[in-house]
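The values are calculated or read from the model by the stated rules, or taken from the named source; none is laboratory data. These numbers come from a predicted model, not from an experiment. With ideal geometry, Cβ positions are generated from the backbone for all residues, glycine too; neighbour counts draw on all protein chains shown.
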Amino acid sequence: MGLKGRDLTSIRDFSRDEIDEVLTAARRLIPYAEGKKSSDLLEGKVLVLAFFEPSTRTRLSFETAMQRLGGRCVTIADASATSMRKGETLSDTIRMLSHYGEAIVLRHSNEGAARLAAMVSDRPVINAGDGAGQHPTQTLLDLATIQEAFGTLRGIHVTLLGDLRYGRTVHSLARALAMYGTELTLMSPPGLGLPAEVREGIEETGARLKEEDQIHRAVRDADVLYVTRIQKERFADETEYQQVAGSYRIDASSLVGAKPKMIVMHPLPRTGEIAPEVDATPHAAYFRQAFLAVPVRMALLSLILAGRLP
Ligand code: NCD
C-alpha cells in the first residue's frame, strides 16, 4: 500500500519489505544529506516537531532532513513553555497540531503516547521515542549503519549491552533484527533485562536469543556491539539507579579479541559506557550512525509525505 500518509509508531507498523524500501532510499539520499545534491521535494510542506522530552540528534536530524528536502519545521522544544503546563491533554494538543503541518514527529515520556496521538491525528504521526516504549526511527538508522558496515542484515550477530529494560532504542531494534533472523545476545546489569513482552515477540519469530554475562565473550562473538546508556530518568528511585550506575564500560582493552570488522554502536548520548579512547579505533561506528540519521529520516519523510524520492 506504500508508505505515503502512514504512521510510524512502532517498528512493527512496517513490514520487512517496507523497512528495506526505507533503507534503500536512505542509501540513495546520502549525497543529499551531505549537501552535495539538493532537492525541493517537500517544498511547501511543514513538519511539526513536538518534543516533550530532551533531544539533540533526533530533533535536529529531523529538522535537517526536512530542510534539505525544501520543507520547513515548526518546533516545540521545551514542553514547559506549552499549554500542556496549563493542563491541556496530549490528545487536544495533537489534534490541533495536526492542522499546523503535514505530519507530526512526537517524543513524549509516556509509553503509548505516539499510538494515542496517531489515533486522534488527521496527519501521519512518527514516534521519536515514547517513554520506555519504542524508538522506531532510531531503529531504521541503526539498521542502515549495520547494513552499510556489513552489506547485509542477514547472518549478523548483534549483542545488546546495557539498559535493556528501559532503553526504547533496543526495544525497537531487537524486534526489527528478529525480522531479519539476526542472532541476538543480551547483556544487562541485574534488573535491567529485556521486558518479557519484547522477548516473547522476538521468540515468536524464531530468532535466536541468548544471554551473556562476560564482556570478553560478548565482544569476541559479536559483529555488532550495541551499547546503551542506563536510562536514569526512568528509575522510580535514585538508590536503585545508584546500584547499577557505572556497572559496565567499554574501553580499548575490552576490544582486544574482537573480530576485526566488529562495530561498536550507541544511539548516544553516552554517559561513560564507552571510553573516548574507543573513538579512535576502527570499531567505533557511533558517529557514523548519528550522521546516517539524516539520510534515513530524509528517506522516511520523502516516502511518508510525498510518496516518492527526490
Ligand atoms: C536515545 C533515546 O532518546 O531513546 N537517544 C536518541 O534518540 N539517540 C537513547 C538515550 O537517550 O539513551
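In region 254-290, which residue that is crowded, with 17+ Cβ neighbours inside 10 Å and in a helix (DSSP H, G or I) is farthest from the ligand (Cβ to nearest atom)? The selected residue is L255.
Yes/no per residue for (1) free of Cβ contacts under 8 Å to residues at least 40 places away in the same chain; (2) closer than 30 Å to G101 by Cβ; (3) of a type in the set (G, A, S):
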site	(1), (2), (3)
L140	no, yes, no
Q147	no, no, no
L153	yes, no, no
D163	no, no, no
L184	yes, no, no
I202	yes, no, no
A207	yes, no, yes
R220	yes, no, no
V224	no, no, no
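Going by the conditions given, is Y100 loosely packed, with under 14 Cβ neighbours inside 10 Å and aromatic (F, W, Y)? Yes.
Kindly indicate whether any position in region 23-37 is within 16 Å of the ligand (Cβ to nearest atom), charged (D, E, K, R) and out of contact with any Asp or Glu (no Cβ under 7 Å at 6 or more places or on another chain). No: region 23-37 contains no residue that is within 16 Å of the ligand (Cβ to nearest atom), charged (D, E, K, R) and out of contact with any Asp or Glu (no Cβ under 7 Å at 6 or more places or on another chain).
In a residue-by-residue description of region 194-206, the property of being more than 16 Å from the ligand (Cβ to nearest atom), surrounded by 16 or more Cβ atoms within 10 Å (Cβ to Cβ) and closer than 17 Å to V227 by Cα applies to no position. In summary, no strands (runs of 3 or more DSSP E) completely within region 44-160 bear 1 or more residues that are of a type in the set (A, V, I, L, M), within 16 Å of the ligand (Cβ to nearest atom) and more than 26 Å from L268 (Cα to Cα). For region 217-232, a residue qualifies if it is within 15 Å of A149 (Cβ to Cβ) and either in a helix (DSSP H, G or I) or aliphatic (A, V, I, L, M) (or both), and the qualifying residues are A222, V224, L225. For V244, are the conditions met, namely being closer than 21 Å to H171 by Cβ and within 15 Å of the ligand (Cβ to nearest atom)? It is true that V244 is closer than 21 Å to H171 by Cβ and within 15 Å of the ligand (Cβ to nearest atom). Keeping to region 221-258, report how many residues are out of contact with any strand residue (DSSP E or B) (no Cβ under 9 Å at 6 or more places or on another chain) and among the charged types (D, E, K, R). Going through region 221-258 one residue at a time, the tally reaches 7. In this structure, A222 does not satisfy being assigned by TED's automatic domain parsing to the domain that holds I104, under 22 Å from the mean Cα position of the chain (by Cα) and either within 16 Å of the ligand (Cβ to nearest atom) or aliphatic (A, V, I, L, M) (or both). Screening T24 against (1) under 20 Å from the mean Cα position of the chain (by Cα); (2) closer than 26 Å to P269 by Cβ leaves a single unmet condition, (2). Which count do you get for residues in region 42-56 that are modelled with pLDDT of 95 or more and not hydrophobic (A, V, I, L, M, F, W, C)? Number satisfying all stated conditions: 3. Can you find a residue that is within 14 Å of the ligand (Cβ to nearest atom), buried (at least 21 other Cβ atoms within 10 Å of the Cβ), on the phi > 0 side of the Ramachandran plot and within 17 Å of the chain's Cα centre (by Cα) anywhere in region 170-182? So far as region 170-182 goes, no, none of its residues is within 14 Å of the ligand (Cβ to nearest atom), buried (at least 21 other Cβ atoms within 10 Å of the Cβ), on the phi > 0 side of the Ramachandran plot and within 17 Å of the chain's Cα centre (by Cα). Return yes when S188 is crowded, with 23+ Cβ neighbours inside 10 Å and within 13 Å of the ligand (Cβ to nearest atom) and no when it is not. Taking the combined requirement at face value, the residue does not satisfy it.
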